[in-house]
Amino acid sequence: MAGVIGFPNPVNEKAARVVAGVVAIASVVTLATGWHWLLIPIAYGFIARALTGPTLSPLGRFAMNVVAPRLGEPKRVPGPPKRFAQSIGAVVTTAAAIGSLALGWTTFADVLLAMMIVFATLESVFAFCVGCTVFAGLMRLGVIPAETCEACNDIWARYARPDAA
């Protein structure tokens, strides 16, 4: 089990953007049709990816192994912020699923779905990860320790230093 639980670091941003695109589309379908049962596989995907990266997520595996390699060289980004974003997605979609399916709070679920559509679209289309931005803010505030993501802490670790010529 120890080999299953874990998250890749770094992450191929191209695969993450493919996953976000499918999440956005699935969320639009759920919102447009009122088929709130679709929140179950959406929430499962977020939970699986937060716990294991793509290992237990069929969508994550497909994006990483099939789609992303066809999009060219991988674009490596730090894993911890992406895991944080997946965890936020897990909480939001699980709350929406429980709210709509167990409690009948469909408006509550629809508001959360609309939020997922916005955030997933920003990630997929513009490579802007809201969860990653929140993660960075929490690191700056000291809520998340710097050692959680050394690559996040030192932006120059990813780029040549301007004074190195």
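The values are calculated or read from the model by the stated rules, or taken from the named source; none is laboratory data. Worth saying up front: this structure is predicted, and the values here are computed from it rather than measured. When we count neighbours, we look across all protein chains shown, and the Cβ atoms used for this are built from the backbone with ideal geometry, even at glycine. Side chains included, ligands, DNA and RNA excluded: accessible areas come from the protein's heavy atoms. Shrake-Rupley method; radii C 1.70, N 1.55, O 1.52, S 1.80 Å.
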(message) If each residue of separation counts as 0.36 nm, what is the full-extension length gain between Phe128 and Ile40 once their alpha-carbon separation is subtracted?
(response) 29.1 nm
(request) Please give the length that would be gained between Val29 and Leu141 if that part of the chain were fully extended, namely 0.36 nm times their separation in residues minus their C-alpha to C-alpha distance (nm, one decimal). (result) 36.6 nm
(request) Please list 76-87, 52-63 highest first by mean number of surrounding beta-carbon atoms within 10 Å per residue. (result) 76-87, 52-63
(message) Please list Val91, Val28, Val11 from largest to smallest accessible area, probe radius 1.4 Å, with all protein chains kept in place.
(response) Val91, Val28, Val11
(request) Return one number: the angle in degrees, 0 to 90 and rounded to the nearest 10, between the long axis of the Cα atoms of helix 39-52 and the longest principal axis of the Cα atoms of the chain. (result) 30
(message) How much accessible area per residue does segment 48-127 have, counting only protein heavy atoms and a probe of 1.4 Å, in square angstrom?
(response) 51
(message) With n ≥ 4 as the cut-off for DSSP H runs, can you work out [θ] at 222 nm for the chain, using -39500 (n - 2.57) per run divided by the number of residues, rounded to the nearest 500?
(response) -18500 deg cm²/dmol
(request) Using only Cα positions of segment 11-165, each an equal point scatterer, no hydration layer, compute I(q)/I(0) via Debye at q = 0.09, 0.10, 0.18 Å⁻¹ and quote the log10 values to two decimals. (result) -0.31, -0.38, -1.08
